[in-house]
1. Suppose the filter is buried (at least 16 other Cβ atoms within 10 Å of the Cβ), among the small types (Gly, Ala, Ser), modelled with pLDDT of 80 or more and in a helix (DSSP H, G or I); does Ala148 pass it?
2. Would you confirm whether any residue within the range 226-236 is modelled with pLDDT of 95 or more, open to solvent by 20 Å² or more (accessible area, probe 1.4 Å) and either touching a Gly at 6+ places or on another chain (Cβ under 8 Å) or of a type in the set (S, T, N, Q) (or both)?
3. Please list, ordered by residue number, the strands (runs of 3 or more DSSP E) wholly in the range 174-287 having 3 or more residues that are touching a residue at least 60 places away in the same chain (Cβ under 8 Å) and small (Gly, Ala, Ser).
4. Any chance the range 3-15 includes a residue that's at pLDDT 55 or above and out of contact with any Asp or Glu (no Cβ under 8 Å at 6 or more places or on another chain)?
5. Just give me the residues in the range 65-100 being among the β-branched types (Val, Ile, Thr) and at pLDDT below 90, in sequence order.
Amino acid sequence: MKLMLSAVAICLANALTAQVKIPEFLVGDWQQEQSKNTEHWDYISTNELKGFTYQQNANGQMQVQEYLQIALKDGKLVLSAQVLGQHNNQIVEFVGAMEGQTLVFRNEQHDFPKEIAYELLNEKQMRVRIANEQKAHNLVYNRSNPLAQARALDPALTTYDEALAKELGADEYGMKSYFFVVLKTGDSKEQDKTIINEKFKGHMANINRLVEEGKLIVAGPFQKNEDNYRGLFILNNLHTVEEVKEVLESDPAIHAGILSYSIYKWYGSAALPTYLPNAAKVSKSKF
């Protein structure tokens, strides 16, 4: 009997513990590299995951090829697979065990595969090996929907607010692009403390103005460090580096060369700006 590959993502951190646990890291969608095969897994309980393998045809219709389950049975982690249209849809079980950094499911009575091994490369990618004594296949799978896993495991994330996502400019993963700015000591040789203090007073006023305009959502100083990093900005609702530079040069301390900067594009949660309404409520004193 030929069994199709079950692309199971295993959270090695959990699997390495003494207590056998359901591999929650698996939940969501995984796309096989250089293939149309995709696997979807759902969290059922702390003792069970269920999934299926599918492809989409030219009309966009889902064609299920295999039903899957990972469950705790008598203290053992068991992978079950049912390939549709083969051998009267017989269910085949494989028992899992850790071997070094790899989680291996085995069924010595099965012809191919006898072994399915999972190696987590990083949180978004895994390598899966299926083999018997004569042959082996090593395939790479990529997570195609990270948010699905988080929502499945955290009920607080299951309520999707489409209007809010649109208002905040979120992509399908609830993320968006910002500009991350590192402020550094500038090249100014100014020694007059009165002038320096005046420029930093303007620096703080400019921060407040940018917040009110919705362009600045995070700002704060670094502690003393060997890189002479002074602080950081996360800028929102700006689209080009040129726009960012124009905003930064409106800061009196930067314009005077007391501060300089480096600009980086940064990808983060689109919900980041929503903390601002509470910022004033936790500030007892003002700068």
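The values are calculated or read from the model by the stated rules, or taken from the named source; none is laboratory data. It should be emphasised that the depicted structure is a prediction, and the values quoted were computed from it without experimental measurement. Every residue, glycine among them, receives a Cβ derived from its backbone with ideal geometry; neighbour counts consider all protein chains shown. The area values use the complete protein model at the heavy-atom level, side chains included, leaving out ligands, DNA and RNA. Shrake-Rupley method; radii C 1.70, N 1.55, O 1.52, S 1.80 Å.
1. In short, no.
2. yes
3. 259-269
4. Looking through the range 3-15, none of the residues is at pLDDT 55 or above and out of contact with any Asp or Glu (no Cβ under 8 Å at 6 or more places or on another chain).
5. Ile70, Val83, listed by residue number.
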